[in-house]
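Participant: Starting off with a structure, shown below.
The values are calculated or read from the model by the stated rules, or taken from the named source; none is laboratory data. Predicted model only: the values in this text are computed from it and were never measured. All Cβ positions, glycine included, derive from the backbone under ideal geometry; neighbour counts span all protein chains shown.
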Amino acid sequence: MPLFEVAIIQEATKKKEEELIIGPTPFVAKDEKSAAMEFLLGFLTEQERQDINPKRAKVLVRPF
């Protein structure tokens, strides 16, 4: 399986700049979509998931 780097950022608002929430973290998965889903569902703690604003968050995945 290929290696990916996964990171989560929150988009900028009028008051705040773009902010790195988590990552980049190396992650092994079969493809980019699987890496993002497995990272979100299996790697993050419940508290980290609650801290993420889903309307402003972006999951960035790139092959390593």
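Participant: What residue, among those in segment 32-64 that are under 19 Å from Thr13 (Cα atoms) and either touching a Phe, Trp or Tyr at 6+ places or on another chain (Cβ under 7 Å) or in contact (Cβ under 8 Å) with a residue 12 or more places away in the chain (or both), is surrounded by the most Cβ atoms within 10 Å (Cβ to Cβ)?
Facilitator: This residue is Val59.
Participant: Now for a separate question. Taking into account only those residues within segment 12-26 that are modelled with pLDDT under 85 and surrounded by 12 or more Cβ atoms within 10 Å (Cβ to Cβ), which is farthest from Phe64 (Cα to Cα)?
Facilitator: First, pick out the residues of segment 12-26 that are modelled with pLDDT under 85: 12-23.
From what is left, the residues that are surrounded by 12 or more Cβ atoms within 10 Å (Cβ to Cβ) are 19, 21-23.
Details: Glu19: 22, Ile21: 20, Ile22: 17, Gly23: 14 Å.
So the residue we want is Glu19.
Participant: In addition: Find the residue count for segment 1-31, including only residues that are of a type in the set (D, E, K, R), touching a strand residue (DSSP E or B) at 6+ places or on another chain (Cβ under 8 Å) and touching a residue at least 12 places away in the same chain (Cβ under 8 Å).
Facilitator: Total satisfying the criteria: 2.
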